[in-house]
1. How many of the residues making up region 1-49 are at pLDDT below 85 and touching a strand residue (DSSP E or B) at 6+ places or on another chain (Cβ under 9 Å)?
2. Looking only at region 54-84, count every residue that is among the hydroxyl-bearing types (Ser, Thr, Tyr), outside any loop (DSSP other than H, G, I, E, B) and at pLDDT 85 or above and tell me the total.
3. Please verify whether region 66-89 includes one or more residues that are closer than 26 Å to residue 16 by Cα, among the β-branched types (Val, Ile, Thr), in contact (Cβ under 8 Å) with a residue 60 or more places away in the chain and surrounded by 16 or more Cβ atoms within 10 Å (Cβ to Cβ).
4. Is there a residue in region 58-74 that is closer than 17 Å to residue 121 by Cβ and of a type in the set (D, E, K, R)?
5. If you go through region 76-127, how many residues are in contact with a Phe, Trp or Tyr (Cβ under 6 Å, 6 or more places away or on another chain) and charged (D, E, K, R)?
6. Filtering region 85-119 down to residues that are in a helix (DSSP H, G or I) and of a type in the set (Asp, Glu), which residue is farthest from residue 30 (Cα to Cα)?
Amino acid sequence: MIVWSRVELRLHTMMHADEFEDTVDFALGLVPEPFQQALGEVAVLIEDNAPPSMGRLYGLYQGVPRTHPESRGFGQLPPRITIYRRPLERDFPDRQRLIGQICVTVLHELGHHLGMNEQQLRDLGYG
């Protein structure tokens, strides 16, 4: 019964999609100035979950990093960061912690756009 109560409580604390989008917009405004220009180069999308084949993710960068402009091809989609709503809401039910994690997730994915690998991002505290 206690486990059920915790699950029920978490379901009630999930944000409405519009509220989550507003929270992401707020978090994007907190991205430090040196990264705002790079953020302007990518589309930021929100989806509920990553495709099942990708596992459980908070975010995903898709595109050609700035460091490899020669890899850009005609007709290629612009670079994008996808934020996955459900895992973030489940792991960070407190709004302030959620905002913080969204910032970290965006900076992590933006780091990939800037050509950083996972180890470099972990070293910077965005892993």
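The values are calculated or read from the model by the stated rules, or taken from the named source; none is laboratory data. Fair warning: this is a prediction, and the values are worked out from it, not measured in the lab. A quick note on method: Cβ atoms are made from the backbone with ideal geometry, for glycine too, and the neighbour counts reach across all protein chains shown.
1. So the answer is 0.
2. The qualifying residues number 3.
3. Looking for residues that are closer than 26 Å to residue 16 by Cα, among the β-branched types (Val, Ile, Thr), in contact (Cβ under 8 Å) with a residue 60 or more places away in the chain and surrounded by 16 or more Cβ atoms within 10 Å (Cβ to Cβ), one finds none in region 66-89, hence no.
4. Yes, there is a match, as at least one residue in region 58-74 is closer than 17 Å to residue 121 by Cβ and of a type in the set (D, E, K, R).
5. Residues that pass the stated criteria total 2.
6. This residue is 118.
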